[in-house]
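Structure first, commentary second.
The values are calculated or read from the model by the stated rules, or taken from the named source; none is laboratory data. Everything numeric here is computed off the predicted structure, so don't read it as measured data. Cβ sites come from the backbone with ideal geometry, for glycine too, and all protein chains shown count toward neighbours. These accessible areas exclude ligands, DNA and RNA; they are computed on the full protein's heavy atoms, side chains included. Shrake-Rupley method; radii C 1.70, N 1.55, O 1.52, S 1.80 Å.
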Amino acid sequence: MMHLFSYRVEHDFGLAPNPFGGTISFAVCRGDIRSNKFMQIGDWLVGTGSVSMKNEGRLIYAMKVEEIISFDEYWNDPRFQYKKPYLKGTLVQMYGDNFYHTVDERMVQEPSAHSNPDLEQRIKLYNKDVKGKRVLLSKTFYYFGDNCPLIPTELQTICSSGRAYKYKKITEEQIKSFVSWLESNYTVGIHGDPCNWKEFKLPKLDIYDDGIESVSYTHLRAH
C-alpha cells in the first residue's frame, strides 16, 4: 500500500529537505517521520506551508521516496560528499545535511547548521535528528520553496494540521489525485529558493546556480 506523509514546514533553509545537487535528501529534523516503520520506497513525503511562514495551504515540496539509507551510509557514500556542510561557503554549502556518522559506536554530529555557535552539538536538535535513524532520498521531487503554489481546494485534505504529521487518513485515491495534479502542472526539480533565505537580504539566487555569497555563520543559529 502506498502512503503519503504530510507535515507543515515551520522553517525552510534548504536543510530539511536539502534539494540541491539533483537529489533531494531528508536527513535531519522530523525524526518521527523518518523512523516511521510504514515509510517505504515509493511513498510520498510532502511539506506544506505553515502559520510561522505565512504560507498555509501552499506546497513547499513533494518527493517520491526512492532510496532509504542509514546515516553512516549517507556519510560514506561518494554521491553525497557535496552535502557535507562547509560553514564558510555559500548558503547551499552551509546548509548541507550530511553531518551524522558513527565514531567508536557513538553517533556524532559534525559542525553544521544544527551546531551551537562554538560548533558543539545542540543536544535538543541532536536527539530529534538521530531519532530518525534513516535518510530519505529521491531524484523525483518538486521543490518550490518561496515560489510555493497554492494547493487546490479539493486536494487540501492531504494537509496536516498543527505539528503532527498525517498519513493514516490519506487514501490512495487522494494520493493519486495529488500526484496527478503535481505531474500535470510542474516539472521535476527546483522551482524556487528556500523560504527563509530572504532573511539574509542577499541577491536572489538563480535557482539553477550552486549558491550565493557567503554569510556569517552566526546567522544560522536556532534553525
Scanning for something surrounded by fewer than 21 Cβ atoms within 10 Å (Cβ to Cβ) and touching a Ser or Thr at 6+ places or on another chain (Cβ under 8 Å), does the range 36-43 turn up at least one residue?
no
Are any residues in the range 21-74 small (Gly, Ala, Ser), on the phi > 0 side of the Ramachandran plot and over 14 Å from the mean Cα position of the chain (by Cα), and if so, which ones?
Gly42, Gly57
Can you give me the number of residues within the range 44-58 that are in contact with a Phe, Trp or Tyr (Cβ under 8 Å, 6 or more places away or on another chain) and either over 14 Å from Ser161 (Cα atoms) or of a type in the set (Val, Ile, Thr) (or both)?
4
Selection from the range 123-159 of residues among the hydrophobic types (A, V, I, L, M, F, W, C) and more than 14 Å from the chain's Cα centre (by Cα) yields Ile123, Leu125, Val130, Cys148, Leu150, Ile151, Leu155, Ile158, Cys159
Would a scan of the range 86-101 turn up a residue that is closer than 20 Å to Arg58 by Cβ and surrounded by fewer than 16 Cβ atoms within 10 Å (Cβ to Cβ)?
no
Can you tell me which condition Leu125 does not meet? The list is (1) farther than 29 Å from Leu4 by Cα; (2) modelled with pLDDT of 90 or more; (3) part of a helix (DSSP H, G or I), and all the others hold.
(1)
Just to be sure, is Lys54 open to solvent by 70 Å² or more (accessible area, probe 1.4 Å) and touching a strand residue (DSSP E or B) at 6+ places or on another chain (Cβ under 7 Å)?
no
Every listed condition ((1) modelled with pLDDT of 95 or more; (2) open to solvent by 30 Å² or more (accessible area, probe 1.4 Å); (3) farther than 20 Å from Pro194 by Cα) holds for His3 save (2)
Suppose the filter is closer than 21 Å to Ser180 by Cβ and crowded, with 16+ Cβ neighbours inside 10 Å; does Ser112 pass it?
no
Give the range 78-103 a look and list any residue that's within 13 Å of Pro19 (Cα to Cα) and assigned to a helix (DSSP H, G or I), or say none.
Phe80, Tyr82, Lys83, Leu91, Val92, Gln93
